[in-house]
Amino acid sequence: MSKQNVILLHGAGIITVDPEERVYLNGAILIEGDRISAIGKSDLLVAEYGSRADEVVNLEGHWILPGLINTHVHTSQQLGRGIADDVDLLTWLHERIWPYESEMSEEDSYISTLLCGIELIHSGVTCFAEAGGQHVSGMAKAVEKLGIRACLARSTMNTGEGLPALWAQETTETCIKVQEDLFTRFNGSADDRIRIWFGLRQILNATDDLLMRTKEAAAKCNTGIHMHVAEIPYENEFVTQSRGVEHGTVTYLNKIGLLGQNLLAAHSVWVSPSEVEMMGQAGVKVSHCPAAAMRMLGFAPITEMLSAGVCVSLGTDGAPSNNRMSLVDEMYLASLINKGKVVFDRGTTDPTALPAETVLKMATINGARTVLQSHQIGSLQVGKKADLIIINPHKWTMLPLHDPISNIVYCMRTENIVSVMCNGHWIMRDNKILTVDEESVIAKAKEAAAKLIKRAQIQLPERGNVIR
Ligand SMILES: [Zn+2]
């Protein structure tokens with residue numbers, strides 16, 4: 001067996017997000033290979049391991065955090081950033097996103113995922129859950145190169161109004177078979193950084209047969225299902241009428257047994273109090289995407305879900321619905337929006353709603369539970385994978401640092417994240433991504449995006465008095 005690389009990071013503040021919520025003011029972490037093998041006070045670890053480490057990094061004045069986990073992102077939509085701003089949901093989907101996605105090539109998906117990955121890494125993300133996009137093989141190639149961790153899923157639809165012909169003809173059989181093949185080909189690849197999940201775009205685009213077969217196939221593969229759930233009131237009306245249940249999507253998914261531990265329910269905005277209870281009891285995981293919800297969907301009952309024991313994590317959603325792929329921004333928004341929701345609901349303020357430590361857990365350990373990997377990521381603990389980020393707070397954005405956890409949630413900007421490690425490897429050092437050449441990806445992305453929008457015949461109305 002080849003010798004494992006040993007790295008000692010010391011002299012830093014460490015927010016572990018472990019079960020005891022330990023925060024070291026002057027701590028150290030020892031990394032051997034892809035795992036954390038020791039964590040504790042800096043002077044003790046330096047004395048014990050300093051001489052045998054291959055790399056010793058003095059991080060005085062910096063803070064170390066678990067890598068952030070983005071639980072809802074559409075990597076193949078990155079080239080479509082800005083194609084669907086300030087439009088209603090049907091225009092967004094039928095006239096912009098579906099034409100864009102149906103014209104996408106495997107190479108486009110690869111470039112789009114690289115571009116998205118660059119933004120994710122800069123914002124401290126070491127693991128993401130793909131919501132279901134185009135050409136999973138292109139995504140997997142990009143994730144392998146980027147060095148991050150991902151749960152990839154294919155956009156899966158077999159019914160629905162206005163669906164491009166390419167997808168409308170897909171049978172349930174094909175939908176399942178294609179995903180099973182992807183599972184066989186890519187699950188556990190890239191040093192086990194890649195996991196393959198089953199995708200269900202949303203209930204408006206899935207027959208009952210597809211829902212049930214997806215549940216069975218995911219159980220057989222022992223993997224997760226990623227689905228958009230209860231996004232708009234119309235979705236609940238549609239389910240009530242077509243499936244004859246009392247409230248909507250969540251009630252129906254509960255009835256057919258799809259609401260379970262391995263369901264990642266994105267958004268879950270329009271859910272009733274009894275549906276929140278159902279979600280808690282079933283152990284379903286929710287990805288709260290604050291920016292996308294404010295743009296298109298509405299206020300999700302996040303504090304109610306957390307009180308009911310639902311595991312809620314954070315996501316950015318795709319570039320055409322947000323448009324910032326920064327989980328740092330989502331942490332800030334999550335707290336503000338859910339404090340604001342109290343005023344909306346009860347006509348009174350509650351600044352204690354969704355405090356900073358809860359938001360930080362949503363972005364880390366809850367994210368790990370959401371992607372079904374809390375045994376190995378989401379907190380800094382001995383035996384877990386070395387997925388971590390280093391923050392330099394000594395900038396005008398974050399100082400002074402009276403209350404570190406609060407500053408990380410309320411003040412930190414993406415630019416404060418200086419280095420990122422995933423699976424024991426540095427993927428960004430001193431703000432420079434080491435795994436891909438950013439300039440070359442940006443150049444390729446500009447070209448691919450322009451060609452794709454042209455092929456998809458997407459025409460954006462001009463804003464302002466444009467002078468050529
Ligand atoms: Zn989405």
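The values are calculated or read from the model by the stated rules, or taken from the named source; none is laboratory data. The shown structure was predicted, so the numbers you read here are calculated from the model rather than taken from an experiment. Every residue, glycine among them, receives a Cβ derived from its backbone with ideal geometry; neighbour counts consider all protein chains shown. Ligands, DNA and RNA are stripped out before the accessible areas are found, and what is left, the full protein with its side chains, is counted by its heavy atoms. Shrake-Rupley method; radii C 1.70, N 1.55, O 1.52, S 1.80 Å.
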**Asked** Within the range 277-295, which residues are open to solvent by 10 Å² or more (accessible area, probe 1.4 Å) and either in a strand (DSSP E or B) or within 27 Å of ALA219 (Cβ to Cβ) (or both)?
**Response** GLU277, MET278, GLY280, GLN281, ALA282, GLY283, LYS285
**Message:** For the range 131-138, check the following and say yes or no: at least one residue is buried (at least 22 other Cβ atoms within 10 Å of the Cβ), more than 15 Å from the ligand (Cβ to nearest atom), in the same structural domain as ALA265 (by TED's automatic domain parsing) and of a type in the set (A, V, I, L, M, F, W, C).
**Reply:** yes
**Subset of the range 119-130 that is open to solvent by less than 10 Å² (accessible area, probe 1.4 Å) and outside any strand (DSSP E or B) - its residue that is nearest to the ligand (Cβ to nearest atom)** = LEU120
**Message:** Condition first: in a helix (DSSP H, G or I), more than 16 Å from the ligand (Cβ to nearest atom) and farther than 16 Å from ALA449 by Cβ. Now tell me which residues in the range 139-166 satisfy that.
**Reply:** ALA140, LYS141, VAL143, GLU144, LYS145, LEU146, ALA165, LEU166
**Asked** Of these, MET428, MET398, which one is more than 22 Å from the chain's Cα centre (by Cα) and outside the structural domain of SER105 (by TED's automatic domain parsing)?
**Response** MET398
**Message:** I'd like the full set of residues that are crowded, with 18+ Cβ neighbours inside 10 Å and assigned to a loop (DSSP other than H, G, I, E, B), limited to the range 324-345.
**Reply:** MET325, SER326
**Item:** Scan of the range 262-291 for residues that are free of Cβ contacts under 8 Å to residues at least 60 places away in the same chain and polar (S, T, N, Q), ordered by number
**Value:** SER268, SER272, SER274, GLN281
**Asked** If only one of HIS247, HIS267 is within 16 Å of the ligand (Cβ to nearest atom) and either within 20 Å of the chain's Cα centre (by Cα) or assigned by TED's automatic domain parsing to the domain that holds ALA218 (or both), which one is it?
**Response** HIS267
**Request:** Among the candidates GLU48, GLU60, single out the residue that is open to solvent by 80 Å² or more (accessible area, probe 1.4 Å) and assigned to a helix (DSSP H, G or I).
**Result:** GLU48
**Request:** Collect the residues in the range 66-97 that are part of a strand (DSSP E or B) and farther than 14 Å from GLU119 by Cβ, keeping them in residue-number order.
**Result:** PRO66, ILE69, THR71, HIS72
**Request:** Among the candidates THR316, THR364, THR303, single out the residue that is open to solvent by 10 Å² or more (accessible area, probe 1.4 Å) and either more than 16 Å from the ligand (Cβ to nearest atom) or modelled with pLDDT of 95 or more (or both).
**Result:** THR303
**Asked** If only one of ASN205, ASN158 is within 25 Å of TRP98 (Cβ to Cβ), out of contact with any Gly (no Cβ under 7 Å at 6 or more places or on another chain) and assigned by TED's automatic domain parsing to the domain that holds SER105, which one is it?
**Response** ASN158
**Prompt:** Does GLN381 count as part of a loop (DSSP other than H, G, I, E, B), touching a residue at least 24 places away in the same chain (Cβ under 8 Å) and open to solvent by 40 Å² or more (accessible area, probe 1.4 Å)?
**Reply:** yes
**Message:** Looking only at the range 401-428, filter to residues that are within 18 Å of TYR332 (Cα to Cα) and part of a loop (DSSP other than H, G, I, E, B); which one of those is least open to solvent (accessible area, probe 1.4 Å)?
**Reply:** MET412
